[in-house]
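All remarks here apply to the structure that follows.
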Protein chains: 8
Amino acid sequence: MTLKVYLSGEIHTDWREQIMTGAASLDVSFDSPVTDHAASDDCGVAILGAEDNKYWHDHKGAMVNAIRTRKGIAEADVVVVRFGDQYKQWNAAFDAGYAAALGKSLIILHGPDHAHALKEVDAAALAVAQEPAQVVDILRYVLTGSLPQ
Amino acid sequence: MTLKVYLSGEIHTDWREQIMTGAASLDVSFDSPVTDHAASDDCGVAILGAEDNKYWHDHKGAMVNAIRTRKGIAEADVVVVRFGDQYKQWNAAFDAGYAAALGKSLIILHGPDHAHALKEVDAAALAVAQEPAQVVDILRYVLTGSLPQ
Amino acid sequence: MTLKVYLSGEIHTDWREQIMTGAASLDVSFDSPVTDHAASDDCGVAILGAEDNKYWHDHKGAMVNAIRTRKGIAEADVVVVRFGDQYKQWNAAFDAGYAAALGKSLIILHGPDHAHALKEVDAAALAVAQEPAQVVDILRYVLTGSLPQ
Amino acid sequence: MTLKVYLSGEIHTDWREQIMTGAASLDVSFDSPVTDHAASDDCGVAILGAEDNKYWHDHKGAMVNAIRTRKGIAEADVVVVRFGDQYKQWNAAFDAGYAAALGKSLIILHGPDHAHALKEVDAAALAVAQEPAQVVDILRYVLTGSLPQ
Amino acid sequence: MTLKVYLSGEIHTDWREQIMTGAASLDVSFDSPVTDHAASDDCGVAILGAEDNKYWHDHKGAMVNAIRTRKGIAEADVVVVRFGDQYKQWNAAFDAGYAAALGKSLIILHGPDHAHALKEVDAAALAVAQEPAQVVDILRYVLTGSLPQ
Amino acid sequence: MTLKVYLSGEIHTDWREQIMTGAASLDVSFDSPVTDHAASDDCGVAILGAEDNKYWHDHKGAMVNAIRTRKGIAEADVVVVRFGDQYKQWNAAFDAGYAAALGKSLIILHGPDHAHALKEVDAAALAVAQEPAQVVDILRYVLTGSLPQ
Amino acid sequence: MTLKVYLSGEIHTDWREQIMTGAASLDVSFDSPVTDHAASDDCGVAILGAEDNKYWHDHKGAMVNAIRTRKGIAEADVVVVRFGDQYKQWNAAFDAGYAAALGKSLIILHGPDHAHALKEVDAAALAVAQEPAQVVDILRYVLTGSLPQ
Amino acid sequence: MTLKVYLSGEIHTDWREQIMTGAASLDVSFDSPVTDHAASDDCGVAILGAEDNKYWHDHKGAMVNAIRTRKGIAEADVVVVRFGDQYKQWNAAFDAGYAAALGKSLIILHGPDHAHALKEVDAAALAVAQEPAQVVDILRYVLTGSLPQ
């Protein structure tokens, strides 16, 4: 059994690397959005032409990014969504809702301070973790049945 | 043609009433989550028994609220999601993602300050409005073909 | 908003009547399997002809009952499954799994003694209640936003 | 043609090994839940943190196990569900219902004493067997057209 | 509960009338194909223009009839397919396969002589009856729980 | 049986009125896009604010119109698409493809000169007509079984 | 592009071998039902135990065969259904209907004498052929764009 | 992540080759319709027999081509539809609508002169490009996160 895992959300810490490194020996394939913030913001106009209006500048980029995001979520078995301490991160919550509606197994990753604000998102999840290492433990258990020592 | 509209998101202003009043003469049926904040937070424990742990207190409430929310979104033709100026409003973005994955027609309602942070959410929408009156204008046009004077 | 509720499971107590009576003033439509035990067991052979073999006797009845059960679950918004104190009640658990796979909102109703044995079933539910009156409270809250006094 | 088979249900006898050994020469891939009873019960708290309340202890584990179970059933061509002589085994019946709603080919495996109690479950199956060797015979026939000598 | 029933198959006896008359007091709505043989054969060319080639004459008619047939089956809860003693009746078996793939509850109606030739069709059904009156009995039981006296 | 019919395509002749008048005595409900060309072009900017760039002017309008069009096609049993003699009419062909992918019964209406250019579109249809009166004849036959005299 | 082709229907001539041999150089994978008539009839009782009643003897076999048939059709891109000169062949028409409802590309293969009786089945097909060599030509064209010389 | 891309539309310029050459180093698999105009027009009659009537000549070909087209679109992650300067190209717009209804990521490729006529088609797209090289840039960005220098 290969597990396809999509890593959505916060892009300012190395949580994706921690999970990918921790799960390196497991039969998991990972996918994620483009996490280069500048490229992600500008991809639309860089490829398809400049826009005077900032709204359409953003819009063109968000649409191009959606090609990758939709495929990543649609093909995943498990979608992990990480909420960090800063910013609105509405795209993370949007991805969680999108994945939930597709029936994906959701793991939500966030610190205890966000628990109340994320209660509807957590309620759609099969696991709510605080640390990337816990996500690795879940993936290992799901694939091998082994619990952490 | 009757249009079924679900009004999701911000609960601290009267935007829902503005839309419902403005569209009173149109063939629209509206649905929305429970907007009584206290009831929404406590419904789980009030009905199913108290919890010592705040996390499970919140969880039981979020699950009960999901019975209404999922039905409301699933049966809607149009899902309007309003983002206000305060709070994280992750449940609003979650609902937008959920509705998008089900192929619903999305209208996102927010002020210009949030445009960049909401660009992925807006990119899934068929209309992005700033004022409740614009939502009414859209509903009128969709149902009757009449534009605002 | 009319809520369609299917009442599955235990047939030896009056829990269905308690819920239907308690929810009489709410905009709910109820459906349930045939709860006359003898008719339910014999419907296949009574209509389609006797069988020498008890297995096929049972099979013909179970198939005819499935016409009603499948429609009832497929059209429901909420599926309530009650587990009583006696018998294997595998059909109740089967209905819960069937409803879960269709994305229905599940409410599981059982006493505390069954909690461990039902943990996988409860994990698929949006609410786990012990008393029929709690189910009524949930239906009232979902439809009206009112909590019990 | 490779056949993907999910083996659900009873975990106290070696029926899974009998089927996997018997089908070793066939083009079949097998999947199953975690069958280590203690690990399966404790996985939630072992990874995500202890719970004072036994209900939530069980719940967290059941949710984590669901990540594996849902994928296993969703990807299977054939779901075999074994009912043993002991315990309530409601998770087995739940899996059968879940698989039936997804349109999976169901094989139910149980002794003759359970036939009446399982009649609704059997009615959703394409085969009802009493011995693991019969399941092997079915898999061989489906893949090769060969009947047992 | 209203039951929507589609009556497919043999058009040379009055079995549809027998069922509709027998079920007149039940909450059932019936639909069926156009049963006027000549109109059914010629509808394509009569409306859309003559064809020299008999194959396209037939084809145009079959396509127009499919508008009605597909809607009738798609909206039905129960599809009854009657096989008579004469003709190939491949359209009846086609409708049965079509309905089965859509997950409809199938009732197959035929005399005992056809049992072997129809075994794959019967295997997809929830009931196999020999007489129209048995279909009425099933509809009555499904709707009211009452068995024939 | 009520037939829901969506009338897509050419907006410069009175073909919709001909069909609606001709079918006035039949149990048909009709829906169509906004056919006021100017309103349809300008609805986006008239409601949601002007755009300097003609592309985004058009885009905003096309998105708002899609709210009506998608609902109209999704709820239809039959989608009639009319191709006139002028213009590219790519939205008509787009609607035909959209409807075909949803499994709708398609009727294509065009003059003989367009037959070759529309062969892929016609190949997805259940009927290809030249005159609105033929569409009325089809609707009457589908609903009543009566052929034109 | 690999094309998955399921070969359904008549089992008394070598049409499957003709197609598989003719398409040996193409990127096609073939699947089909068990075509050993005796094994196909008896598989149920040979594996799962004898039945006194011929109806249930047939039924058990038809159910076991359905495990293979459903998977074969569900995974196919193209379903070829051959109707021969003899027998009722209702299972062939059932498979055609089943495949049509799943949106499979259907090729129907039969002699000209059956054209009228098969007009509803042919109307659901993308190609109607008389000879196995024509099916090979279609597969070659679909995969390579080459027409027969 | 391998990206499956279907290239639909205009067949008189080398835009497909430009994209395939430009993306040669990327993990992309391409599919497209048969682009040999004569073969595409005549495939039906060349394989399945001549037709006197040009309409049926065209129809048989369009149906055979649909076997390839439907599979190509159904399996694609991204559907690129190119509109050239000539002809009606209704099949291109049909493919775009078909792909949109299946939820595919659409890239529309056309010159600025067609922007108004294609506004409904563009509104369903995630990107609207003018040059094949831009499509290559999108594919590279989606797969690698790299923007053009």
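The values are calculated or read from the model by the stated rules, or taken from the named source; none is laboratory data. Nothing here was measured: the structure is a model prediction, and the numbers come from that model. Glycine gets a Cβ as well: all are built from the backbone with ideal geometry, and neighbour counts include every protein chain shown. Note: accessible area is taken over every heavy atom of the protein model, side chains too, but ligands, DNA and RNA are not part of it. Shrake-Rupley method; radii C 1.70, N 1.55, O 1.52, S 1.80 Å.
If the requirement is being farther than 14 Å from B:Gly49 by Cα and in contact (Cβ under 8 Å) with a residue 40 or more places away in the chain, which of these qualifies: C:Ala124, C:Ala96, C:Ala100? After ruling out the rest, the residue left standing is C:Ala96. Among the numbered conditions (1) closer than 20 Å to H:Leu143 by Cα; (2) touching a residue at least 60 places away in the same chain (Cβ under 8 Å); (3) open to solvent by less than 20 Å² (accessible area, probe 1.4 Å); (4) not basic (Lys, Arg), the only one that H:Ile107 does not meet is (2). Here C:His12 passes the criteria (1) touching a strand residue (DSSP E or B) at 6+ places or on another chain (Cβ under 6 Å); (2) in contact (Cβ under 8 Å) with a residue 60 or more places away in the chain; (3) farther than 25 Å from D:Asp95 by Cβ except the one numbered (1). Yes or no: the range H:125-145 includes at least one residue that is in contact with an Asp or Glu (Cβ under 7 Å, 6 or more places away or on another chain), more than 8 Å from chain F (Cβ to nearest Cβ), in a helix (DSSP H, G or I) and open to solvent by 20 Å² or more (accessible area, probe 1.4 Å). Yes, there is a match, as at least one residue in the range H:125-145 is in contact with an Asp or Glu (Cβ under 7 Å, 6 or more places away or on another chain), more than 8 Å from chain F (Cβ to nearest Cβ), in a helix (DSSP H, G or I) and open to solvent by 20 Å² or more (accessible area, probe 1.4 Å).
Taking the conditions (1) part of a loop (DSSP other than H, G, I, E, B); (2) touching a residue at least 24 places away in the same chain (Cβ under 8 Å); (3) among the small types (Gly, Ala, Ser); (4) more than 23 Å from F:Tyr55 (Cα to Cα) in turn, H:Gly84 satisfies each one other than (4).
Residue by residue through the range D:87-124, note down the ones that are among the aliphatic types (A, V, I, L, M) and either in a loop (DSSP other than H, G, I, E, B) or more than 13 Å from C:Ala96 (Cα to Cα) (or both). I'd like the intermediate steps shown before the answer.
Step one: of the range D:87-124, the residues among the aliphatic types (A, V, I, L, M) are D:92-93, D:96, D:99-102, D:106-109, D:115, D:117-118, D:121, D:123-124.
Correct list: D:Leu102, D:Leu106, D:Ile107, D:Ile108, D:Leu109, D:Ala115, D:Ala117, D:Leu118, D:Ala123, D:Ala124.
Taking the condition modelled with pLDDT of 95 or more, away from chain H (no Cβ under 13 Å), open to solvent by 40 Å² or more (accessible area, probe 1.4 Å) and not in a helix (DSSP H, G or I), does F:Ala50 pass? Against the criterion (modelled with pLDDT of 95 or more, away from chain H (no Cβ under 13 Å), open to solvent by 40 Å² or more (accessible area, probe 1.4 Å) and not in a helix (DSSP H, G or I)), F:Ala50 qualifies. Within the range C:17-39, the set of residues being more than 8 Å from every other protein chain (Cβ to nearest Cβ) and either small (Gly, Ala, Ser) or without any contact (Cβ under 8 Å) to a residue 24 or more places away in the chain (or both) comprises C:Glu17, C:Met20, C:Thr21, C:Gly22, C:Ala23, C:Ala24, C:Ser25, C:Ser29, C:Ser32, C:Ala38. Among the criteria (1) open to solvent by 10 Å² or more (accessible area, probe 1.4 Å); (2) in contact (Cβ under 8 Å) with a residue 24 or more places away in the chain; (3) in a helix (DSSP H, G or I); (4) facing chain A (nearest Cβ under 10 Å), the one B:Arg68 does not fulfil is (4). Per this entry, C:His12 is counted among residues that are of a type outside the set (S, T, N, Q) and surrounded by fewer than 18 Cβ atoms within 10 Å (Cβ to Cβ).
Within the range G:72-91, being touching a helix residue (DSSP H, G or I) at 6+ places or on another chain (Cβ under 8 Å) and either hydroxyl-bearing (Ser, Thr, Tyr) or at pLDDT 95 or above (or both) holds for G:Ile73, G:Ala76, G:Asp77, G:Val78, G:Val79, G:Val80, G:Val81, G:Arg82, G:Phe83, G:Gln89, G:Trp90, G:Asn91.
Given the structure, is B:Asp95 within 9 Å of chain A (Cβ to nearest Cβ) and touching a Ser or Thr at 6+ places or on another chain (Cβ under 6 Å)?
Working: within 9 Å of chain A (Cβ to nearest Cβ): yes; touching a Ser or Thr at 6+ places or on another chain (Cβ under 6 Å): yes.
In short, yes.
Taken over the range A:50-81, the criterion of being farther than 20 Å from B:Leu102 by Cβ, out of contact with any Lys or Arg (no Cβ under 8 Å at 6 or more places or on another chain) and not hydroxyl-bearing (Ser, Thr, Tyr) is satisfied by A:Ala50, A:Asp52, A:Asn53, A:Lys54, A:Trp56, A:His57, A:Lys60, A:Val64, A:Asn65, A:Arg68, A:Val80.
If we keep just the residues of the range A:1-32 that are among the polar types (S, T, N, Q) and not in a loop (DSSP other than H, G, I, E, B), which is farthest from the chain's Cα centre (by Cα)?
A:Thr21
Results for (1) among the charged types (D, E, K, R); (2) buried (at least 24 other Cβ atoms within 10 Å of the Cβ), shown as yes or no for each residue.
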{"site": "F:Gly61", "(1), (2)": "no, yes"}
{"site": "F:Arg82", "(1), (2)": "yes, no"}
{"site": "F:Asp85", "(1), (2)": "yes, no"}
{"site": "F:Ala93", "(1), (2)": "no, yes"}
{"site": "F:Leu102", "(1), (2)": "no, no"}
{"site": "F:Gly111", "(1), (2)": "no, no"}
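So is B:Asp77 open to solvent by 10 Å² or more (accessible area, probe 1.4 Å), free of Cβ contacts under 8 Å to residues at least 60 places away in the same chain and more than 9 Å from chain A (Cβ to nearest Cβ) or not? So B:Asp77 does not fit the description; no. Taken together, the residues in the range G:108-124 that are more than 8 Å from every other protein chain (Cβ to nearest Cβ) and under 14 Å from the mean Cα position of the chain (by Cα) amount to 3. Being in contact (Cβ under 8 Å) with a residue 24 or more places away in the chain and aromatic (Phe, Trp, Tyr) is the requirement here; does D:Tyr6 meet it? Spelling it out, D:Tyr6 is indeed in contact (Cβ under 8 Å) with a residue 24 or more places away in the chain and aromatic (Phe, Trp, Tyr).
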